[in-house]
Amino acid sequence: MILRKLCVTIIIVSGLALIAEYGSPRLAGLLSGFPIGSAITLTFIGLELGPVFASESALHNLAGMPAMLVFMLVFWLTSARWPDRA
């Protein structure tokens, strides 16, 4: 199990590094925080505790997404308002 976690994490982090290098660091940052972090966590929860627990956890995770989107919107508006303080 630990080897699976290690391999999946290395692949995803390497992929994000490639996206940041050849694409956009902003896109890589959004991908690292938004869906991929939740997907990795839910995958490991499903492998360790079973699919029923993982599906219930996904519902609670889904409830937290609007709060994260509001945080990202406020952060973007604030950074656009005061760009010299970033």
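Points to keep in mind about this one:
- With every protein chain in place, the chain: carbon and sulfur % of accessible area (1.4 Å): 74
- Taken about its Cα centre, the chain carries a charge dipole of about 140 debye when Lys and Arg each add +1 at the Cβ and Asp and Glu each add -1 at the Cβ.
- Averaging the sequence gap over all C-alpha pairs within less than 8 Å and six or more residues apart, then dividing by the number of residues, gives the chain a relative contact order of 14 percent.
- Per-residue SASA entry for VAL74, accessible area with 1.4 Å probe, Å² rounded to 10: 80
- Charge dipole (the chain, unit charges on Cβ, about Cα centre) - positive-most of ALA67, PHE44, ALA28: ALA28
- In terms of its alpha-carbon gyration tensor, segment 6-86 comes out oblate; a/c meets the 1.5 threshold, while b/c is at least as large as a/b.
The values are calculated or read from the model by the stated rules, or taken from the named source; none is laboratory data. Please read these numbers as outputs of a predicted model, since none were measured by experiment. Reconstructed Cβ throughout: ideal geometry from the backbone, glycine too, with neighbour counts over all protein chains shown. Accessible surface areas use protein heavy atoms only, side chains included; no ligands, DNA or RNA. Shrake-Rupley method; radii C 1.70, N 1.55, O 1.52, S 1.80 Å.
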